[in-house]
1. How do the pairs read when you match residues in the stretch 69-91 that are in contact (Cβ under 8 Å) with a residue 60 or more places away in the chain with residues anywhere that are surrounded by fewer than 10 Cβ atoms within 10 Å (Cβ to Cβ) and part of a helix (DSSP H, G or I), using Cβ under 6 Å and keeping only pairs 6 or more apart or on different chains?
2. Mind checking which residues of the stretch 7-29 are open to solvent by 60 Å² or more (accessible area, probe 1.4 Å) and either more than 38 Å from the chain's Cα centre (by Cα) or not β-branched (Val, Ile, Thr) (or both)?
3. Out of (1) under 32 Å from the mean Cα position of the chain (by Cα); (2) open to solvent by less than 80 Å² (accessible area, probe 1.4 Å), the odd one out for residue 35 is which?
4. What pairs come out if I take residues in the stretch 48-63 that are farther than 11 Å from residue 8 by Cβ and pair them with residues that are of a type in the set (Ser, Thr, Tyr) and crowded, with 18+ Cβ neighbours inside 10 Å whose C-beta lies under 8 Å away, six or more apart or interchain?
5. Filter the stretch 45-60 for residues that are surrounded by fewer than 18 Cβ atoms within 10 Å (Cβ to Cβ) and of a type in the set (Asp, Glu); which is nearest to residue 72 (Cα to Cα)?
6. Is it true that some residue in the stretch 50-69 is modelled with pLDDT under 95, farther than 30 Å from residue 1 by Cα and under 47 Å from the mean Cα position of the chain (by Cα)?
7. Let me confirm something: among 63, 42, which residue is open to solvent by 70 Å² or more (accessible area, probe 1.4 Å), charged (D, E, K, R) and in contact with an Asp or Glu (Cβ under 8 Å, 6 or more places away or on another chain)?
8. Quick check on residue 78: is it of a type in the set (Ser, Thr, Tyr) and either modelled with pLDDT under 65 or within 25 Å of the chain's Cα centre (by Cα) (or both)?
Amino acid sequence: MNQAQVQLQAARDADAADYAPVDLGFAQNKFQQAQNAMASRKYDDAATLADEARADAELARAKARLAAARAQIQSKTTANRQLREQIEQSLSDQQQQDQSQNAGLPAQQQTQDMPAPPSSSLTEPMPEGQGFQTLPQNPQPVPPVNRDDQGGHL
């Protein structure tokens, strides 16, 4: 009887009245029947009914917890959807603003810079053999340019 009563209270605390009212009702009815059987000194019947009441209360509690979790998931899903819509709207507004600001500007040719190596430093020279080199180690003589050559062949 005590276990059934504890489980009934746990089911009520889990809001089974809202999320699993039918199962909670079964548990309460069986508990009432168990109390009546105890009063009539039908102890075997009381024990069986109390065990059924406990099981029904556990089921009601489990269903209530599941329903509460589902409600919370639905709430979070709705909030996430609203946030995504706000982000998309904000990005769309920003793109429209950027387009209207750039509408009068001439098109610019984009250039791509080569990234510096991660160990580059502007204050210290790189040890020989490491990093980028802007001058060749052994300069080769540059052939004279023939200005009369029209085809680019020598």
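1. Partner pairs satisfying both residue conditions: none exist.
2. Here is the first cut: in the stretch 7-29, the ones open to solvent by 60 Å² or more (accessible area, probe 1.4 Å) are 9, 12-13, 15, 17-19, 21-22, 26, 28-29.
Matches in the stretch 7-29: 9, 12, 13, 15, 17, 18, 19, 21, 26, 28, 29.
3. Exception for residue 35: condition (1).
4. These pairs meet every condition: 63/19.
5. Filtering the stretch 45-60 down to residues surrounded by fewer than 18 Cβ atoms within 10 Å (Cβ to Cβ) leaves 45, 47-48, 51, 55.
So of that shortlist, the ones also of a type in the set (Asp, Glu) come out as 45, 51.
Numbers: 45: 40, 51: 32 Å.
The qualifying residue nearest to residue 72 (Cα to Cα) is 51.
6. Looking for residues that are modelled with pLDDT under 95, farther than 30 Å from residue 1 by Cα and under 47 Å from the mean Cα position of the chain (by Cα), one finds none in the stretch 50-69, hence no.
7. Numbers: 42 fails: in contact with an Asp or Glu (Cβ under 8 Å, 6 or more places away or on another chain).
When all the criteria are applied, what remains is 63.
8. Working: of a type in the set (Ser, Thr, Tyr): yes; either modelled with pLDDT under 65 or within 25 Å of the chain's Cα centre (by Cα) (or both): yes.
It is true that residue 78 is of a type in the set (Ser, Thr, Tyr) and either modelled with pLDDT under 65 or within 25 Å of the chain's Cα centre (by Cα) (or both).
The values are calculated or read from the model by the stated rules, or taken from the named source; none is laboratory data. Note that the structure is a prediction, hence the values are computed from the model and not measured. Note: ideal-geometry Cβ built from the backbone for every residue, glycine included; neighbour counts use all protein chains shown. The area values use the complete protein model at the heavy-atom level, side chains included, leaving out ligands, DNA and RNA. Shrake-Rupley method; radii C 1.70, N 1.55, O 1.52, S 1.80 Å.
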